[in-house]
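> Before we start, here is the structure in question, set down as structure tokens.
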Amino acid sequence: MSNRQRVLITGAAGLIGGILRRGLRGSHLLRLCDVAPLGEAHPAEELLRVDIRDIKALERCLDGVDSIVHLAGVSTEEPWESILPMNIEGCYNVFEAARRQGVKRVIFASSNHAIGFHRRERHLDARVDTRPDTRYGVSKVFGEALGRFYADKFGVSVACLRIGTCREPDRPGDARHLHTWISHRDTVQLVRRCLDHPHYHFLIAYGVSNNTRGLWDNSAAQFLGYLPVDNAEAYAEEIQGSARAPDPISALFHGGDFCSQEFAGRLPEID
Ligand code: 15L
């Protein structure tokens, strides 16, 4: 009998789902779920069509699962009518189904947009106040709060990863990415560390590579042993030669153009 952990990945058909599927294949038993097609099952993979809006279906697919990597949901700014069922109710369903089924750990794909309205002069650690830059960012703050609640109240081990910019192709694409980029292999390493660490209660970590221009401090999660190997700086010259200047609001804040969309605030008041 295998002693490999069984991991359920929600939203497994997305970009990060595909990266983790390839990267964790062989070391973990993967139960992959999505509403979108997942292709053919490889050995040690189970494929399921599950909608996170359906808590009963989620509960059923958690049988025998040790940990969940929760990626499903809306991954950018969208109308509240999409954010609410997917990122608020769907996220609740995942944590609640995990509790009901005795799942030990949930790794939640949060986002840098939970802290997007901090100014870029500021280096941020995991304890900084949240400052969401979009409804999407608000939903990620909600997911982090849910994680904290399920850890404290029910003893579920929870990691919230404030992911920066993970792209296909696997390289930064503009000047902001020189601090926000995370490569595919660093993404796999970070999630692997979160899955395999024997014990933690609750943590927040930034999903970012070892970027020379990085602005996010992961020292609170150092115990995980995450040692990113890639650095966006390798692409800096190329990017700076081709990039267009960001709009003035985007340039000020960590969240970039998520901050400038619909912006009707007053700059001096956003310290
Ligand atoms: C995110 O949270 C999004 O999912 C992704 O599409 C990118 O926009 C990324 O943040 C980013 O900030 O670059």
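The values are calculated or read from the model by the stated rules, or taken from the named source; none is laboratory data. The shown structure was predicted, so the numbers you read here are calculated from the model rather than taken from an experiment. All Cβ positions, glycine included, derive from the backbone under ideal geometry; neighbour counts span all protein chains shown.
> What tally of residues in the range 100-119 results from selecting those that are touching a residue at least 12 places away in the same chain (Cβ under 8 Å) and surrounded by fewer than 16 Cβ atoms within 10 Å (Cβ to Cβ)?
The total comes to 3.
> OK, next. Only residues in the range 241-266 that are in contact (Cβ under 8 Å) with a residue 24 or more places away in the chain count as the first member; pair them with residues that are of a type in the set (Val, Ile, Thr) and not in a loop (DSSP other than H, G, I, E, B), Cβ under 7 angstrom, at least 6 apart or cross-chain, and list the lot.
Partner pairs satisfying both residue conditions: 259/249.
> While we're here: Condition first: in contact with a strand residue (DSSP E or B) (Cβ under 7 Å, 6 or more places away or on another chain), in a loop (DSSP other than H, G, I, E, B) and farther than 19 Å from residue 196 by Cα. Now tell me which residues in the range 56-73 satisfy that.
72, the sole residue that qualifies.
> Follow-up question, since we're still on this one. Which of the residues that make up the range 63-112 are touching a Cys at 6+ places or on another chain (Cβ under 7 Å) and over 13 Å from residue 159 (Cβ atoms)?
Listed by number, the list holds a single entry, 73.
> Is the range 2-22 home to any residue that is more than 20 Å from residue 194 (Cα to Cα) and not in a loop (DSSP other than H, G, I, E, B)?
Looking for residues that are more than 20 Å from residue 194 (Cα to Cα) and not in a loop (DSSP other than H, G, I, E, B), one finds none in the range 2-22, hence no.
> When you go through (1) crowded, with 19+ Cβ neighbours inside 10 Å; (2) in a helix (DSSP H, G or I) one by one for residue 204, which number turns out not to apply?
(2)
> Are there any pairs with C-beta distances below 7 angstrom linking a residue in the range 62-84 that is closer than 19 Å to residue 260 by Cβ and hydroxyl-bearing (Ser, Thr, Tyr) to a residue that is outside any loop (DSSP other than H, G, I, E, B) and modelled with pLDDT under 95, with the two at least 6 apart or on different chains, and if so which?
none
> Do any helices (runs of 4 or more DSSP H) entirely within the range 110-199 hold 3 or more residues that are more than 16 Å from the ligand (Cβ to nearest atom), and if so, which? If you could, list the steps in order and put the result at the bottom.
Values: elements: 135-154, 177-180, 184-196.
Per the criteria, 135-154, 184-196.
> Tally up the residues in the range 241-271 that are over 18 Å from residue 120 (Cα atoms) and away from the ligand (no atom under 15 Å from the Cβ), please.
If we filter the range 241-271 for residues that are over 18 Å from residue 120 (Cα atoms), which is where we start, we get 241-244, 262, 264.
Those still in the list that are away from the ligand (no atom under 15 Å from the Cβ) too: 241-242, 244, 262, 264.
Of the residues in that region, 5 qualify.
> Moving to a separate point now. Being of a type in the set (Asp, Glu) and buried (at least 19 other Cβ atoms within 10 Å of the Cβ) is the filter here; which residues of the range 120-147 pass it?
133, 144
> If you don't mind, another one. So residue 152 ticks every box in (1) surrounded by fewer than 14 Cβ atoms within 10 Å (Cβ to Cβ); (2) in contact with a helix residue (DSSP H, G or I) (Cβ under 8 Å, 6 or more places away or on another chain) but one. Which box is left unticked?
Of (1) surrounded by fewer than 14 Cβ atoms within 10 Å (Cβ to Cβ); (2) in contact with a helix residue (DSSP H, G or I) (Cβ under 8 Å, 6 or more places away or on another chain), only one is false for residue 152: (2).
> Collect the residues in the range 15-30 that are surrounded by 19 or more Cβ atoms within 10 Å (Cβ to Cβ) and touching a residue at least 60 places away in the same chain (Cβ under 8 Å), keeping them in residue-number order.
Matches in the range 15-30: 16, 19, 20, 24, 28.
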